[in-house]
Amino acid sequence: MPAAGVVRLTLLEPSIMITTQVCIIGAGPAGTTAALQLNKEGIDCVLVDKAVFPRDKVCGDGLSGKVLTCLKKIDPAVAGRLKQAGFKLNSWGVSFIAPNRRELEVGYRPDFNAQDERHKEVPIGYVCKRLDFDHFLVEEVKQCPHVQVYEGLAIDQYILEDDGYRVSDGKDFTVRAAVLIIANGAHSAFTKKVAGIHMEPRHYIAGLRAYYKNVEGTHAQNFIELHFLKDLLPGYFWIFPLPNGEANVGVGMLSEAVHRKKVNLKKELLHIVTHDPVFKERFKNARLEGPIEGYGLPLGSKKRKLSGERYLLTGDAAFLIDPFTGEGIGNAMNSGRLAAQQAARAIAANDYSAAGLALYDAEIERVFGAELRLSTRLQKLVRYPRLFNLLINISARNKKVQELLSCMFYEVDLRKKLTKPSFYIGLLLNK
Ligand SMILES: Cc1cc2nc3c(=O)[nH]c(=O)nc-3n(C[C@H](O)[C@H](O)[C@H](O)COP(=O)(O)OP(=O)(O)OC[C@H]3O[C@@H](n4cnc5c(N)ncnc54)[C@H](O)[C@@H]3O)c2cc1C
């Protein structure tokens, strides 16, 4: 018997038509989190993905503290099961390495102290392959009584009718729903065609990911490493340690710079690991496993309208990736949660108008606005290596700056901190 909420494709009738309250397109972190939240609200929904899970997703595989914080808010039991899962490596923070190779270590918890035994026991970040993490989330959703999960179906038709959206795979699968949560990632056709949001090279990163075995010199507390190498600006080279001696290694660069400088990112990645004086040593016994693959990162460096009549955009389909760190999973999950809450309000008020759903945009601004603007400024600064060197030098001595960076990975709502005068006083006085 399939678990509650699961419909196996093999059991489907030749043609299927479902009527539900909410249809979520895409079962990545944004879509699954939206489904978990809707289930908590007691709202029936359909979650549909073109892939069959477990499926890979090109990513750095770094999960910051935001992931656990978000899951805890929805269901501490799910967060608990993630904590116990064996497929991930515990990670305690991030190392930023400036073009002059000066390093700034920032713990995922603002008060991280490597000497404190209690902190060593409680990691709040992880590195784990998306193949495993996304599968974990989908399996959690399959236990939800209010959610029906459909896999292996690519939705490519969206028709707005008087009483809701009718979406279909263009063949024999159709869902009618009062409201849509769009969570189908960076290449979302809905985002382009209906919401009118297009890829802009100044607000988009081109990224490449490789898996290596036996990279040496990784951090004792499994900090993820972001190396802002001079030739890669604005962008970085990363090494994120994984379980079993593996590491996720990659490069990301602003698409506008990739085109302008005619950079071949794959050649760049291979050049770094074989010729850079630091990395050729660390990679001397390393082995590339599998292909090097690329995907886009739609950045939240520009404010956009993320809702309209009967729809809400989430995650990469909403261009919400942090422009400085490239972190998108935590933002995808938090936007999925906010979208589900907004859908619940719309159902309660029977108001699916663009004006009614615009409350979601206000929530996104409240939760992400300050942080995305700060990250956009940092990303601009990274274009000037000397300024960025200076920032890292100052930050290495200033506890308040470290705390701020830490909060970017831990809390979602930086707004509270950024509106406290005491924070700025501390920043100036270096306290
Ligand atoms: C190279 C690279 C490195 C990155 N590194 C990190 C990192 O280390 N940490 C981090 O936090 N973020 C990272 N990101 C960003 C992160 O991968 C994304 O922000 C995150 O996956 C967004 O989640 P999502 O649910 O919005 O979209 P996705 O994870 O892309 O999920 C979208 C889902 O929609 C499905 N779908 C697509 N089209 C359809 C359709 N027509 N019908 C039905 N289903 C459909 C897909 O199969 C997929 O399952 C990285 C991104 C890249 C490209």
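The values are calculated or read from the model by the stated rules, or taken from the named source; none is laboratory data. In this text, all values refer to a predicted model and were calculated from it rather than measured experimentally. Quick reminder, even Gly has a Cβ in these numbers, built from the backbone with ideal geometry, and neighbours come from all protein chains shown.
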If a residue must be within 11 Å of the ligand (Cβ to nearest atom) and part of a helix (DSSP H, G or I), how many such residues does segment 11-34 contain?
6
In segment 51-76, what residues are more than 8 Å from the ligand (Cβ to nearest atom) and hydroxyl-bearing (S, T, Y)?
T69
Are any of the residues in segment 385-403 acidic (D, E), crowded, with 18+ Cβ neighbours inside 10 Å and assigned to a helix (DSSP H, G or I)?
yes
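Look through E216, E200 and report the one residue that is of a type in the set (D, E, K, R), in contact with a Lys or Arg (Cβ under 6 Å, 6 or more places away or on another chain), at pLDDT 95 or above and more than 13 Å from the ligand (Cβ to nearest atom). Please lay out each step first, then the result.
Numbers: E200 fails: in contact with a Lys or Arg (Cβ under 6 Å, 6 or more places away or on another chain).
Residue meeting the stated conditions: E216.
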So how many residues does segment 297-322 have that are more than 8 Å from the ligand (Cβ to nearest atom), part of a loop (DSSP other than H, G, I, E, B) and of a type in the set (A, V, I, L, M, F, W, C)?
2
For segment 77-98, which residues satisfy the criterion of being within 11 Å of the ligand (Cβ to nearest atom) and of a type outside the set (A, V, I, L, M)?
S91
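Yes/no per residue for (1) farther than 28 Å from N248 by Cβ; (2) in contact with a Lys or Arg (Cβ under 9 Å, 6 or more places away or on another chain):
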site	(1), (2)
D44	yes, no
K57	no, yes
A79	no, yes
Q84	no, no
W92	no, yes
Just give me the residues in segment 219-234 being within 14 Å of the ligand (Cβ to nearest atom) and without any contact (Cβ under 8 Å) to a residue 60 or more places away in the chain, in sequence order.
L232
Checked against (1) surrounded by 22 or more Cβ atoms within 10 Å (Cβ to Cβ); (2) under 30 Å from S307 (Cα atoms), I224 satisfies every condition except (2)
Could you say which residue among E256, E281 is part of a helix (DSSP H, G or I) and in contact (Cβ under 8 Å) with a residue 60 or more places away in the chain?
E281
Set G300, G290, G326, G294: member being over 23 Å from A346 (Cα atoms), surrounded by fewer than 22 Cβ atoms within 10 Å (Cβ to Cβ) and touching a Leu at 6+ places or on another chain (Cβ under 7 Å)
G294
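Test E289 against the criterion of being under 22 Å from the mean Cα position of the chain (by Cα) and of a type in the set (D, E), and give yes or no.
Spelling it out, it is not the case that E289 is under 22 Å from the mean Cα position of the chain (by Cα) and of a type in the set (D, E).
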Where S188 falls short, out of the listed (1) modelled with pLDDT of 95 or more; (2) away from the ligand (no atom under 16 Å from the Cβ); (3) among the small types (G, A, S):
(2)
Test set (1) within 16 Å of the ligand (Cβ to nearest atom); (2) assigned by TED's automatic domain parsing to the domain that holds A210 - D276 fails condition number:
(1)
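Consider K193 carefully, then state whether it is over 30 Å from L89 (Cβ atoms) and away from the ligand (no atom under 11 Å from the Cβ). Reasoning before the result, please.
Working: over 30 Å from L89 (Cβ atoms): yes; away from the ligand (no atom under 11 Å from the Cβ): yes.
Judged against the criteria, K193 is a match.
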